[in-house]
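First the structure, in the form of structure tokens, and then the observations on it.
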């Protein structure tokens, strides 16, 4: 999101520090989680903005 909005990240912590603070939950923060709406996709639903970058571009008038 920061790249799409051409903004700097306001908070940057080393991964090791995040793992020390959050333990195993740091993986969600550092690596993210790939989630898909399986039922919607099986039913043939198509999203107007399939990516976060596309949605942010539309919101900021860059689309």
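Restricting to helices (runs of 4 or more DSSP H) lying wholly in the chain: which have 2 or more residues that are modelled with pLDDT under 90 and surrounded by 10 or more Cβ atoms within 10 Å (Cβ to Cβ)?
15-22, 26-31, 52-59
Can you tell me which residues in the stretch 16-61 are in contact (Cβ under 8 Å) with a residue 12 or more places away in the chain and either in contact with a strand residue (DSSP E or B) (Cβ under 8 Å, 6 or more places away or on another chain) or closer than 23 Å to residue 5 by Cα (or both)?
Correct list: 30, 52, 53, 56, 57, 60.
The values are calculated or read from the model by the stated rules, or taken from the named source; none is laboratory data. What you see is a predicted model, and the numbers here were worked out from it, not measured in a lab. Positions of Cβ are backbone-derived with ideal geometry, glycine not excepted, and every protein chain shown enters the neighbour counts.
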